[in-house]
1. Pick from region 61-93 the residues that are of a type outside the set (Val, Ile, Thr) and under 15 Å from the mean Cα position of the chain (by Cα): which of them is farthest from Ala190 (Cα to Cα)?
2. Give the residues of region 118-161 that are touching a residue at least 40 places away in the same chain (Cβ under 8 Å), touching a Gly at 6+ places or on another chain (Cβ under 9 Å) and not aliphatic (A, V, I, L, M), sorted by residue number.
3. What tally of residues in region 121-134 results from selecting those that are modelled with pLDDT of 95 or more and either of a type in the set (Val, Ile, Thr) or over 20 Å from Glu197 (Cα atoms) (or both)?
4. Looking only at strands (runs of 3 or more DSSP E) that lie completely in region 89-182, which have at least 2 residues being within 19 Å of Ile54 (Cα to Cα)?
5. Just need a number here: residues in region 247-266 that are more than 16 Å from Ser288 (Cα to Cα), surrounded by 13 or more Cβ atoms within 10 Å (Cβ to Cβ) and free of Cβ contacts under 8 Å to residues at least 24 places away in the same chain.
6. When region 268-292 is examined, which residues are found to be touching a Pro at 6+ places or on another chain (Cβ under 7 Å) and closer than 16 Å to Leu254 by Cα?
7. For region 134-148, enumerate the residues that are of a type in the set (Gly, Ala, Ser) and more than 18 Å from Ile116 (Cα to Cα).
8. For residues in region 165-183 being of a type in the set (A, V, I, L, M, F, W, C) and surrounded by fewer than 17 Cβ atoms within 10 Å (Cβ to Cβ), which is farthest from Thr130 (Cα to Cα)?
Amino acid sequence: MKNIRLNSRGFSLVEMALVLVVVGIVIGIGAGMIGPLTTMSKVRESREIIESSIVSVSGWSASNNRLPTFTPTLPDTARFDQIVKSPIDSWGRPLIYLFDANLAPSGANLPTKDTICGRKTTAISITDNTAIPAVTITNVAFAITSQGEDALTQTTLNGTLNGAVINGVITGSGTATGTITLDPTVSDIARWVTLDELRSKIGCQGAQLKILNNELPAGSATTAAYAVTMTADGGIPYPSPNLYRWCIQTTTGLTPNANMTFAPAVFSANCAALAEGSWGQAGQLAISWPLGTAPPSAAYSFTIFVRDNNDAAATNDNIASKAFVLTVNP
């Protein structure tokens, strides 16, 4: 009789159970990753939306000499949500847009080339606690935030929002002053642009405020009257219209010569330290003398200072200065 030897190969019940356990673990891990991966994708998409909004706002500002508003005053109708590609984040919730009102005149307040380019400071700063160590960014032009995954705005503002005092969680979009604080323990997504960054993005060139004159024409002690006008450009002029403040700096703090007429006539040995209210206010600074009362023949040195109204509430204005020599010939 022949012996029949069975040599069947396959999985035993134990092996099959082990395979099923491994497969179950892999599936469990994969299922557990779906949530975090989805969140990462949403966060990345929201960041891209915010970056796109930054580009849109900056580009619109370059063409219009101002930031867009959130609730414009007629006849202005341009709104933030119309300018950006998407005013909502990847979770379908509205972006929060905060901006400095001085950079976004609306209604009858028409912007000029210096609405942004002439500005030195803003009323918004950001304390970024997500950085190590924490940093404070000053002179922020505008900020855009998303509530993130948890649908809660947890970024705070200590200042004003749309003119109302606030010291807590940001409640919506609009004009802002004060300090925005970012908390590293929350899911809010934030991006901001400083004034210097905005000035660069829209093509501002040179200093905010400057004296246009490069030299003074020579005068005569005997043959002619003298009259010249010093002109400033840029910055944030005082109203009525385009007024600046002027100061003439000399080594003595007095007029270079009593026969010279300066208007406005404010002299100091240190104009930069002189109180703002003591500077003379005028659209231009004039230097003159009539025929017959000219100063003696000499070279008179002095420095002209001009300042604007960048910081109406304090002293952080734009200040420009330029040294001159006025030669009086015989």
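1. Pass one, region 61-93, residues of a type outside the set (Val, Ile, Thr): 61-68, 70, 72, 74-76, 78-82, 85-87, 89-93.
Filter once more, so that each one left must be under 15 Å from the mean Cα position of the chain (by Cα): 61-62, 65-68.
Working: Ser61: 20, Ala62: 22, Asn65: 24, Arg66: 22, Leu67: 18, Pro68: 18 Å.
Top of the filtered list is Asn65.
2. Selection gives Gly118, Arg119, Lys120, Ser125, Thr153.
3. 5
4. Details: elements: 96-99, 124-128, 135-137, 140-146, 156-161, 164-169, 174-182.
So the answer is 96-99, 124-128, 140-146, 174-182.
5. Looking only at that region, the number is 1.
6. Passing the criteria: only Gly280.
7. Correct list: Ala134, Ser146, Gly148.
8. Among them, the one singled out is Val165.
The values are calculated or read from the model by the stated rules, or taken from the named source; none is laboratory data. Please read all numbers here as calculations on a predicted model, not as lab measurements. Cβ: placed from backbone, ideal geometry, glycine included. Neighbour counts: every protein chain shown.
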